[in-house]
Amino acid sequence: MDADKVFKALADPTRRMLLDLLCERNGQTLGQLCEHLQMARQSVTQHLGLLEDANLISTVRRGREKLHFINPVPLHDVYTRWVSKFEQQHLSLLHDLKQELEGQ
């Protein structure tokens, strides 16, 4: 995983919205994704290119259509590497606080 590419891709609200749209309904075409955005197809294509470069989406050709699919693996890697370790620390602190408040 190239974490810099993933974080760069996730930094933009339009790209996050595209991921949300694919999470709601995977396998959409460019036209279907553009229906939800107020921008030119070329701009959406550029955003999709950055998401694909970060390995956050993959594409499959079906005839003349190009379907876009979310790839959750890099997101899980980010969660594992960056979020879960901080989450564990907070849960441990809450557990200790609960024990102290309950007098155990």
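The values are calculated or read from the model by the stated rules, or taken from the named source; none is laboratory data. Keep in mind it's a predicted model, so treat the numbers as computed, not measured. Cβ: placed from backbone, ideal geometry, glycine included. Neighbour counts: every protein chain shown. Only protein heavy atoms, including side chains, enter the accessible area calculation; ligands, DNA and RNA are left aside. Shrake-Rupley method; radii C 1.70, N 1.55, O 1.52, S 1.80 Å.
Annotations
- Residues that are open to solvent by 100 Å² or more (accessible area, probe 1.4 Å) and touching a strand residue (DSSP E or B) at 6+ places or on another chain (Cβ under 7 Å) within segment 69-104 are absent altogether.
- Selection status of V60, open to solvent by 40 Å² or more (accessible area, probe 1.4 Å) and touching a Phe, Trp or Tyr at 6+ places or on another chain (Cβ under 8 Å): yes
- Listed by position, the helices (runs of 4 or more DSSP H) enclosed by segment 12-104 that each have at least 3 residues that are within 20 Å of D2 (Cβ to Cβ), in contact with a Leu (Cβ under 9 Å, 6 or more places away or on another chain) and at pLDDT 95 or above are 13-24, 41-53.
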